[in-house]
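One structure is given here, and the rest of the page talks about it.
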Amino acid sequence: MSDVSDSPKKQSTGPDIHTASEQASDREGPAIVSRRWMLLKAGIALNGLVGLAMAVPIVRYLLAPVRKDDSYKSWISLGDANSFSVGETRLVSFKNPYTRPWDGETDNVAAYVRKESADRFTVFAINCAHLGCPVRWFPQSQLFMCPCHGGVYYADGSRASGPPERGLFTYEYKIAGGQLQIDAGQMPSLSNSAKLVNIDVPAKDGDCRCRG
Amino acid sequence: MPRIKQTANQVYDWLERRLQVEGPIKEAVLHKVPRNTASWWYVFGSAAFTLLMLQIVTGILLALVYVPSGAEAWNSLNILNHEVPLGWFLRAVHAWGSNFMVAVVFIHMAQVFLFGAYKYPRELTWTVGVFLLLMTLGMAFTGQVLRFDQDAYWGLGIGVFIMSRVPIAGGSLVHLLLGGPTIAGATLSRFFALHVFVIPGTLLFLVAVHVWMVLKLGVNEWPMPGRLVRKETYTAEYNKLAHEDGIPFVPGAFWKDLIFSGAVLAAVGVCAAVLGPFGPSGQPDPSIIQTVPKPDFPFLWIYAVLSYLPPSMETPFILIAPILMIAGLLAVPFVASEGEKSWHRRPVAVLALSMVAVSWAVFTHLAMSTPWSPHMSAWSGDPLPVKYLQEATPLVRQGAVIFQAKQCRNCHSIGGLGGQRGPTLDSIATRMTPDQMRYKVVTGGGNMPAYGKNLSPPEIEALVSFLETLHPKGEPPAFDASQQAAQLNAAPVGGSTTP
């Protein structure tokens, strides 16, 4: 019985179609055996080669989301720069510039805009620098507080207390045509360009992080 | 009747002639196991398998309605909960089945560890088991993401921040995790693929390998103190035990497996029917920031650990600890592949397991009571006990208003209400002098932000005079002994030492 179930497997492995009776010939001359083994190896090599050729586009497809930060980001308007009042920190939201039609409400992004003077702004990401939870602004005590692990930040975004290692992330901004614009499109995290902005040190006069 | 029986036999023979499974199945079912392995301690592995089957069945049923799209997932969950008849029950069974599966897998692992069942020749069974544990946790996490609500969204955010700490490749890993630059539709799609195809496929394959080895190597015998495992003699000893004092696996040991599995399934059903499904909480709109995200039960302990790490330890710990934990688990059977199996003679193993269990329980409890999180609405929602304001001077009342309005309450509880991030302040005046309070309020320190910039000197004065009144009746407030002595000494001369 087991011979019967074995033979179809054997046939499918190689081009040489022999019957079960030929099993005995496996033990015969080395020439025949090595020819079969050579054909088997050829089969493996062919599959390996085709597999490799297929793997290249598959890997490229899998790595498609990996891009430079800048390729995801673009300038977004947060509204008239004059609509913000000096000394105030306000929650704004905007649509993420990089979207797919099936993103739904996940493409809404929130940020805090703080107008420091007539033409100086700081735009904070909503994400706590510890683990990314959304921080809340309390104007009465001039503090940002995180609901997850209790990270607290001062009004200028610098770390006040709790587990975060650094201050809040900021967006680059510019004022174009009277509009406050920020360079957004990427979730801020410790690995992207946001980490280069050191906001623990108070910005000097003329040290504007704006572009363009 | 005889004719029906005859036909049935013919059908059976026809099938068996082609399938040829009777032999292997009989061999597996009737193989002898040592008599004392027919124990209630040996039922957790089969219960985990039963739960896996339950998860597959309920998962497929949920997939009939669930839409794995960023824009629609949350709505389809609500339709499952509220419109599809008994959709809520299916969701509840799947969710509770998940919790039970994680719990049973951990209990199974603890039992195997305690019984020394990972020792020779079952090292690889343990190794595969470690990966099964990781797959189970992977299912739990990806499943939480498919419940595409606020907790799922911000839980993914935590994943992003953990990934982003990886040196050099961090940014690319974040993009791979999310399928793009932000948590969005692409993220849900890939987590759906992981939860429904990739991880379950791997899980089933590894379960097959795991069970195959259990059948081939036999169920671990009951550990006896003094019966040492030696590679040279173990197999012969085990076979002797299984054959001389053995019983067929079915029904000898299997009836307990069946009854326990049935009980676990019933427990899942009761939990689902009584306690209902989990969520979904609010819709996954990141511009809604009035949210307090929390991970599901199996990951609460990590949530707690992450809040206690000092800032300088975050990155090294997050990146190195999981590798060490997994490596430690994988190393267990290779470090101790021979020797004692009995817990009576393995004090280090018992202590290690107890320590892990106690730490896990403590961190999970802490995560549930969240003493470190500020209570975001305490300042506006929790009233101040009236007794603290009776006979209060206007200055003290003003201080109480500042205490509420400046969110002090979010971290400091009074009268049992408010955050617990900072110390409870009901008797603060007995612990700190007014000068110490002033200093602490202005400069902060520890886990307290400095309020120096945000409070005017009169506000600080009012706040401190309120805090000074917070002491139990009959227990005097703290005072500065040296200052008092200086005042007493200075008094006869007629001058005041206070500036």
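None of the figures in this text is laboratory data; all of them are computed from the coordinates on show. Since this is a predicted model, take the numbers as computed values, not measurements. Here the Cβ is made from the backbone with ideal geometry for all residues, glycine too, and neighbour counts use every protein chain on show.
Could you calculate the FRET efficiency of B:GLN20 with B:VAL84 from 1/(1 + (r/R0)^6), where r is the beta carbon distance between them and R0 is 41 Å, rounded to 0.05?
0.40
How large is the translational diffusion coefficient of segment B:268-312 in µm² per second when you combine the Kirkwood radius over alpha carbon pairs with Stokes-Einstein at 37 °C and 0.692 mPa s?
So the translational diffusion coefficient is about 242 µm²/s.
So if the hydrodynamic radius of segment B:273-395 is defined as the Kirkwood radius over C-alpha pairs, what does Stokes-Einstein give as its diffusion coefficient at 37 °C and 0.692 mPa s, in µm² per second?
Working: Rh = 19.6 Å.
Rounded to a whole number, D works out at 167 µm²/s.
Enumerate the calculated ³J(HN,Hα) couplings along segment B:47-53 in order (Karplus 6.51 cos²θ - 1.76 cosθ + 1.60, θ = phi - 60°), each rounded to whole Hz, writing x wherever the residue is Gly or Pro.
Couplings: 5, 4, 5, 4, 5, 4, 4 Hz.
By how many nm would the segment from B:LYS216 to B:HIS344 grow when fully extended, if each residue of separation counts as 0.36 nm and the alpha-carbon distance is taken off?
Contour length minus Cα-Cα distance gives 43.3 nm.
Between helix B:73-82 and chain B, what is the angle of the helix's C-alpha long axis to the longest principal axis, kept within 0 to 90° and rounded to the nearest 10?
Around 80 degrees separate the two axes.
So for the pair A:LEU91, B:ASP480, with labels modelled 7 Å out along Cα→Cβ, what separation do we get in nm?
Modelled inter-label distance: 4.2 nm.
Along segment B:110-116, what does the Karplus equation 6.51 cos²θ - 1.76 cosθ + 1.60 (θ = phi - 60°) give for ³J(HN,Hα), rounded to whole Hz, x for Gly and Pro?
Using θ = phi - 60°, the values come out as 4, 5, 4, 5, 5, 8, x Hz.
What pairs in B:LYS32/B:LYS341; A:LYS95/B:LYS440; A:LYS115/B:LYS387; A:LYS95/B:LYS453; B:LYS26/B:LYS341; B:LYS5/B:LYS216 have C-alpha atoms more than 32 Å from each other?
A:LYS95/B:LYS440; A:LYS115/B:LYS387; A:LYS95/B:LYS453; B:LYS5/B:LYS216
Against the longest alpha carbon principal axis of chain B, how many degrees, from 0 to 90 and to the nearest 10, is the axis of helix B:254-275 turned?
Approximately 40 degrees, to the nearest 10.
Would you calculate the separation in nanometres between label points at B:HIS243 and B:SER39, each defined as 7 Å from the Cα along the Cα-to-beta-carbon direction?
Between B:HIS243 and B:SER39, the simple spin-label model gives 2.4 nm.
Taking the Cα centre of chain B as origin, work out the dipole magnitude from +1 charges on Lys and Arg Cβ and -1 charges on Asp and Glu Cβ, in debye rounded to 20.
Computed charge dipole of chain B: roughly 880 debye.
Counting pairwise Cα distances across segment B:31-369, what percent come out greater than 36 angstrom? Could you put the intermediate results ahead of the total?
Working: 15190 of 57291 pairs.
That tail contains 27 percent of the Cα-Cα pairs.
Is the protein assembly as shown rounded, prolate or oblate when judged by the Cα gyration tensor, a ≥ b ≥ c being the square roots of its eigenvalues, rounded requiring a/c under 1.5 and prolate requiring a/b larger than b/c?
Here the protein assembly as shown falls in the prolate category.
Pick out, from A:GLN179, A:PRO163, A:PHE138, the residue whose Cα sits farthest towards the positive end of the charge dipole of segment A:71-196, with +1 on the Cβ of Lys and Arg and -1 on the Cβ of Asp and Glu.
Farthest towards the positive end: A:PRO163.
Assign unit charges at the C-beta atoms only (+1 for Lys and Arg, -1 for Asp and Glu), then state the dipole size of segment B:198-254 relative to its Cα centre in Debye, rounded to the nearest 20.
Using only the charged Cβ atoms, the result is roughly 160 debye.
Using a 10 Å cut-off on Cβ atoms, rank the peptides B:299-305, B:263-269, A:35-41 from the highest mean neighbour count down.
Details: B:299-305: 19.6, B:263-269: 16.6, A:35-41: 12.4.
Descending mean neighbour count gives B:299-305, B:263-269, A:35-41.
Nearest 10 degrees, 0 to 90: what angle lies between the long axis of helix B:314-335 and the longest principal axis of chain B (Cα atoms)?
30 degrees
If each DSSP helix of 4+ residues adds -39,500 (n - 2.57) and the sum is divided by the residues in chain B, what number results at 222 nm, nearest 500 deg cm²/dmol?
Calculated at 222 nm, the ellipticity per residue is -19500 deg cm²/dmol.
Using amide H atoms built 1.01 Å from N in the peptide plane, name the residues 5+ places from B:ILE247, or on other chains, whose amide H lies under 5 Å from its own.
Correct list: B:VAL33, B:ARG35.
In percent, what relative contact order does segment B:31-369 have, based on Cα pairs under 8 Å that are 6 or more apart in sequence?
Over segment B:31-369, the number comes to 34 percent.
In segment A:71-196, if the dipole is taken from +1 on Lys/Arg beta carbons and -1 on Asp/Glu beta carbons about the Cα centre, which of A:GLY150, A:THR106, A:TRP75 is farthest to the positive end?
Selected residue: A:GLY150.
Between B:VAL401 and B:TRP255, 0.36 nm times their residue separation minus their Cα-Cα distance comes to what?
Extra length available between B:VAL401 and B:TRP255 comes to 45.8 nm.
For the protein assembly as shown, give the magnitude of the charge dipole about the Cα centre (Cβ charges: +1 Lys/Arg, -1 Asp/Glu; no others), in debye to the nearest 20. Don't skip to the end; give the middle numbers.
Numbers: 57 positive and 51 negative charges, 182 e Å.
That gives the protein assembly as shown a dipole magnitude of about 880 debye.
Residues with amide H under 5 Å of A:ALA176's amide H, sequence separation 5 or more or different chain, H placed in the peptide plane at 1.01 Å from N; which?
Residues meeting the criterion, in which the H sits 1.01 Å from N, are A:GLN181.
Run the simple label-point estimate for A:ARG60 and A:ALA118 please: 7 Å along Cα→C-beta, distance reported in nm.
5.5 nm
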